[in-house]
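So the structure is just underneath, and the comments pick up after that.
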Amino acid sequence: MDARLPLIRNVLMERNRSLAELTTFGLPACAEHFVSCTSVEEVREALEWQRSKEVPLHVLGGGSNVLLAADLPGLVLRTAMEGVEELSREGGRIRVKVGAGVPWHAFVMTALERGWYGLENLSLIPGSTGAGPMQNIGAYGVELEERFASLEAVDVSTGEATQFSHSDCAFGYRESVFKRALKGRFIITSVTFELLESPALRLDYGAIRSELEEMKIQEPTPRDVSDAVIRIRRSKLPDPAVLGNAGSFFKNPVVADDVARTLKEKHPDMPHYPAPGGVKLAAGWLIDRSGWKGHDRGTHGVHDRQALVLVNKGGAKGSELLTLAKDVQDDVHARFGVALEREVNVLPVEAG
Ligand code: EPU
């Protein structure tokens, strides 16, 4: 039987589509129905179909921050809008609109080539541009929200396109309104950034300076900073093309001042950073100190160079990775009294 069925007008629908190669974890799971949408119009058509059939909807972007725990019933809608467009220039700031499906790192490289600055520190983050605002991606002292202007999203229940300003998004550390109050209610179709004509380098994150020193660079350009970030990431984080993973599996926990004080007394070498609402601890350090770094369960385990990353070594199931994650969470809680929250999104949602 032909697995491809025409949907309404333009959109092709696939049935029982494997999703393993569309996610960086590479876990086995199928979509009952699957569409890849390259325009707002196609998103609307797919949503019309989904509403008329009254089936569950799951949205997939670049697939780099998702754990597939089981097959997905209903419709999986993948956002694949292309395009990088300069909208305007004013006062040294350049507005650039990017399709949600554009791979994030490809966009960062395009920005560097065009002389649009401010995203260097976010080089080599996997995933699509549309997924960036969802969890306010961040690395090496910079978060996406600092260069964010607005985004367009389609309302899942009405099919209407809506614009979200910076404040509408309620950004926080790996957080936005799309992970909280509006979870599952909008599909991001494009993101507009405000980038800089003149470089404004951010070297405050220690590892960048030491990497630049090692590269023997004294007066770095934005390209040098990007290269340094790429070198650091390659040395610590596994390449999803080689070893399945979804980057940091847990968020760095923020604890109350008194909790942090007690922990620091017991563990003077524990990394800690001031944060809104308390003190941010390094989940990777807590997991490492609990003895999990390099933990091996045959098909899956904990990465041996960064304890915050869980890996699929080949043939693992999503449910097994969730069990490992729970074991890590329970053990860290028993040893340090700190609760680790997942950073990765689990699909189907109820399985999380
Ligand atoms: N650490 C250990 N052992 C480990 C890992 C870390 O002791 O196995 C210690 C490090 O020595 C350091 C501290 O923990 O003192 C923090 O480590 P690192 O600077 O590597 O950063 P991270 O907190 O582990 C966060 C982000 C990463 C981001 C880096 C760099 C989160 C959840 N993770 O990791 O983001 O690349 O900072 O900015 O915030 C991602 O979100 O997928 C991701 C990779």
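Annotations for the structure displayed:
- Sequence-distant aspartates and glutamates (8 or more away, or on other chains) whose Cα lies within less than 16 Å of Lys313: Glu21, Asp239, Asp296, Asp304
- Note on the chain: with a GNM built from Cα contacts shorter than 10 Å, the maximum mean-square fluctuation among Ser36, Ser128, Ser18 falls on Ser18.
- Note: relative contact order over segment 93-177, using C-alpha pairs below 8 Å and six or more positions apart, is 25 percent.
- Of Pro240, Pro133, Pro271, the residue with the greatest mean-square motion in the GNM of the chain, using alpha carbon springs below 10 Å, is Pro271.
- For a label point 7 Å along the Cα-to-beta-carbon line of Ala181, residues of segment 272-292 with backbone N under 15 Å: none
- Overall Cα dimensions of segment 296-352 - principal axes, largest extent first, Å: 33, 30, 15
- Ratio Rg/Rh, restricted to segment 67-168 and using Cα atoms, in which Rh is the Kirkwood radius: 0.99
- Loop-located trypsin sites (Lys or Arg not before Pro) in segment 174-252 (DSSP state other than H, G, I, E, B) with a sparse environment of at most 10 neighbouring Cβ atoms within 10 Å: Arg180, Lys216.
- For the chain, the 222 nm mean residue ellipticity estimated from helices alone, with every DSSP H stretch of n ≥ 4 adding -39500 (n - 2.57) and the total spread over all residues, rounds to -7500 deg cm²/dmol.
- Between segment 168-230 and segment 302-352, the alpha-carbon center distance in angstrom: 25
- Close amide H contacts of Ala246 (hydrogens built in the peptide plane, cut-off under 5 Å, sequence separation of 5 or more or a different chain): Leu310.
- Among the listed pairs Lys53/Lys183; Lys216/Lys293; Lys183/Lys293, those beyond 29 Å (Cα-Cα): Lys216/Lys293; Lys183/Lys293
- Long hydrophobic helices in the chain: none of the complete DSSP H runs spans 24 Å or more by Cα along its own axis with mean Kyte-Doolittle hydropathy of at least 1.6.
- Estimated FRET transfer efficiency (Ala334, His267; beta-carbon r; R0 22 Å; 0.05): 0.90
- For segment 4-79, DSSP calls about 40 percent of its internal beta bridges antiparallel.
- Other-chain or far-sequence residues with amide H under 5 Å of Leu27's (modelled H): Leu68
- Calculated SAXS-style log₁₀ I(q)/I(0) at q = 0.15, 0.19 Å⁻¹ - segment 4-79, Debye, Cα scatterers: -0.45, -0.73
- Pairs exceeding 29 Å between alpha-carbon atoms, taken from Lys264/Lys326; Lys97/Lys179; Lys97/Lys317: Lys97/Lys317.
- Since only Ser210, Ser319, Ser290 are under comparison, the one whose Cα sits farthest along the positive direction of the charge dipole of the chain, derived from C-beta charges on Lys, Arg, Asp and Glu, is Ser290.
- The lysines whose alpha-carbon is closer than 17 Å to the alpha-carbon of Lys266, local same-chain residues fewer than 8 away aside, are Lys280.
- Over all projection directions, the Cα-based convex hull of the chain averages an area of 18.9 nm².
- Over segment 84-235, the ratio between the Cα radius of gyration and 2.2 N^0.38 Å evaluates to 1.07.
Computed from the coordinates by the stated procedures, all read-outs in this text should not be read as laboratory data. These figures come from a predicted structure and were not determined experimentally. Positions of Cβ are generated from backbone atoms using ideal geometry, with glycine treated the same way; all protein chains shown enter the neighbour counts.
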